[in-house]
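Okay, so here's the structure we're looking at.
The values are calculated or read from the model by the stated rules, or taken from the named source; none is laboratory data. Just so we're clear, the structure is a prediction, and the values are computed from it rather than from any experiment. All Cβ positions, even for glycine, are placed from backbone atoms using ideal geometry, and neighbour counts span all protein chains on display.
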Amino acid sequence: MRVEIHRLVACAAIVLAACGGPREDPLLRLSADEALAEGKALMEREKWRSAREHLDHAFSIAPNSAQGREALLLSADTLFFEGGNSFIKSEAKYRDFLNRFPTSNRADYVQFQIANSLFERMEKPDRDQTVTREAEDAFRDLIALYPTSEYVERAREAVVLVEGNLAEHEYLVGYFYLRFRLPAAAADRFEGLLESFPAYSEVDKILYHLGIAYRRTDQEEKAQEVFARLTSEYGDSEWASQVGKAK
């Protein structure tokens, strides 16, 4: 039995020797410049995973070089462009870049992409809004930290969308309270919404439901004030037309 085992081991050694031993991954033979160039070429063909393998290799062998920094940032981009479940990973890799190279001349772009990675993961207004708030903070950080950045205007536009999502969430919570006979809680929510999100595109809807909440808490004077504002400022609104039926 031992003789047979020795023969098998010897045969395996002969086969490996004949084949030149274990095959080395061709990627490992590439220099940082070569891996970076190939990674870029693969990105142009939208081969995100293969591109990322080359870019990660370029960064691993030259992490503090210009090529390494570029490779790390492009690797984060491949995750972002891949989309889907990769947005969590892209955010993490962009943050890693910013932590390693905080003074990079691409820092504003990286902050913008951190915010976009969060933006892409936002839930609908009827779901938890934790990531939505994180996205808002990230966009506002860009605006505050890099006021002259070319991405500031797009960040401001994104903030409007993010706040719209948050405002609609607040409305849905308030409407839930109103529907389940908690008008005082509903009024608090609607008041907070109007204060926190004055640019919300559906203020008329909020005013209508706030008026109902006041009426149901026996605050008729406040209800009349809100309904008067609704009909005065949003006279053509469908909500203004329903004031006479509000109960």
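Worth a mention:
- Per-region count, segment 123-137, residues over 11 Å from residue 162 (Cα atoms) and outside any loop (DSSP other than H, G, I, E, B): 1
- Within segment 72-108, considering residues that are part of a helix (DSSP H, G or I) and polar (S, T, N, Q), the one nearest to residue 53 (Cα to Cα): 75
- Those residues of segment 198-241 which are over 34 Å from the mean Cα position of the chain (by Cα), over 17 Å from residue 188 (Cα atoms) and small (Gly, Ala, Ser), in sequence order: 228, 232, 235, 240, 241
- Residue 69 being modelled with pLDDT under 95 and either touching an Asp or Glu at 6+ places or on another chain (Cβ under 6 Å) or of a type in the set (Lys, Arg) (or both): no
- Of all the listed residues (186, 167, 155), the sole one being at pLDDT 95 or above and in contact with a Gly (Cβ under 7 Å, 6 or more places away or on another chain) is 186.
- Picking from residues in segment 163-209 that are of a type in the set (Phe, Trp, Tyr) and in contact (Cβ under 8 Å) with a residue 12 or more places away in the chain, the one that is farthest from residue 228 (Cα to Cα) is 177.
- Selection status of residue 131, touching a Leu at 6+ places or on another chain (Cβ under 9 Å), over 30 Å from residue 232 (Cβ atoms) and modelled with pLDDT of 95 or more: yes
- Checked across segment 120-128, the condition of being surrounded by fewer than 17 Cβ atoms within 10 Å (Cβ to Cβ) and of a type outside the set (D, E, K, R) holds for no residue.
- Whichever residue in segment 56-78 is among the hydroxyl-bearing types (Ser, Thr, Tyr) and surrounded by fewer than 17 Cβ atoms within 10 Å (Cβ to Cβ) and, among such residues, is nearest to residue 142 (Cα to Cα): 65
- Odd one out for residue 153 among (1) buried (at least 16 other Cβ atoms within 10 Å of the Cβ); (2) free of Cβ contacts under 8 Å to residues at least 12 places away in the same chain: (1)
- Within segment 176-194, tally of residues that are under 27 Å from the mean Cα position of the chain (by Cα) and under 11 Å from residue 212 (Cβ atoms): 1
- Considering the conditions (1) surrounded by fewer than 17 Cβ atoms within 10 Å (Cβ to Cβ); (2) within 30 Å of residue 92 (Cβ to Cβ); (3) without any contact (Cβ under 8 Å) to a residue 24 or more places away in the chain, residue 241 is excluded by exactly one of them, (2).
- Qualifying residue in segment 119-136 (condition: out of contact with any helix residue (DSSP H, G or I) (no Cβ under 7 Å at 6 or more places or on another chain) and more than 30 Å from residue 170 (Cα to Cα)): no
- Contacts under 8 angstrom Cβ, first residue in segment 79-96 being at positive phi and surrounded by fewer than 17 Cβ atoms within 10 Å (Cβ to Cβ), partner modelled with pLDDT of 95 or more and not basic (Lys, Arg), 6 or more apart: 83/120
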